[in-house]
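A.B. asks: Please see the structure below; I have some questions.
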C-alpha cells in the first residue's frame, strides 16, 4: 500500500507568502534600479534644469540664474507680454483684423527701406536677433494697435499748413507737395505715439492685471 502524504495547509501558506514576498522584493528592487538609472540619465541630459553652469566644480543653481534674469530683462519682457496681451484682447473685442496682405505690404516697405544697406532687411533682422516670423507678428500687433487708435490720429490740412509756414526754411530744398507729404507723415506719427501711449495706459487701468513677480507693479 502506498504511503499517504499528509500536506500541512499552514506550511503551504507560509511557503506561498515567502515566495510572494521574494517576488515582490525583486520587483521593488527592479523598480528602484530603473528609477535610479532614470535619475542618472535625467541628471546628465537635463542637468541645466537644476544647474545651468558651474565654475571650478561649484554650481550656479537655477534659482540664482532666474533671479538674475528677472532683475535684468525679465521685468521688461513681462511688461511687454502684458501689453501685447492687452492689445490682442482689445482688438478681438473690437473685431479689429489685420490681413496677410497688410502685413506683406509693411514687410515690402521695410525691404525697400533697407535695400541700400548691406544685407538688406535680412541683415538687419539678424543683427537684432529677430526672425522674419517674429517681425511679421510684431507688424500685425502694431497694425492692430494703429487701427484701435485710428479715430484719434487725424491730421487736418490746417495743421499741415501751419507747420509748413512755421518751418518753411527746413523744407526749402524740396517741392511744396513733397514737403506737405513729409509734414503730414511727421504729424501723424507724433499723434500716433501720443494716442498709443494714452490708449495703452487706459487699457492697463481698465484691465485686471495681476503681476506676481517681485518688484514689478501691476498698475
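Computed from the coordinates by the stated procedures, all read-outs in this text should not be read as laboratory data. Everything quoted here is computed from the prediction, not taken from an experiment. When we count neighbours, we look across all protein chains shown, and the Cβ atoms used for this are built from the backbone with ideal geometry, even at glycine.
A.B. asks: List the pair-distance distribution P(r) of region 151-219, using every Cα-Cα distance, as the percent of pairs falling in each 10 Å bin from 0 up to the bin containing the longest distance, rounded to whole percents.
C.D. replies: Taking every Cα pair in region 151-219, the percentages come to 18, 32, 20, 14, 13, 2.
A.B. asks: Of the peptides 166-172, 64-70, how do they stack up when ordered by the mean number of other Cβ atoms within 10 Å, highest first? Intermediate results must be reported in sequence, preceding the final value.
C.D. replies: Values: 166-172: 10.7, 64-70: 13.1.
Per-residue mean Cβ counts within 10 Å order the peptides as 64-70, 166-172.
A.B. asks: So, by mean Cβ neighbours within 10 angstrom, what's the order for 183-194, 52-63 with the highest one leading? Walk me through the numbers before you get to the answer.
C.D. replies: On the way: 183-194: 14.7, 52-63: 10.3.
The most tightly packed comes first, giving 183-194, 52-63.
A.B. asks: Rounded to two decimals, what is the ratio between the C-alpha radius of gyration of region 137-178 and 2.2 N^0.38 Å?
C.D. replies: Ratio of Cα Rg to 2.2 N^0.38 Å: 1.68.
A.B. asks: Using r as the Cβ-Cβ distance of residue 124 and residue 101, and R0 as 25 Å, what FRET efficiency do you calculate, to the nearest 0.05? Display every interim value, and only then the final one.
C.D. replies: On the way: r = 23 Å, r/R0 = 0.91.
About 0.65, to the nearest 0.05.
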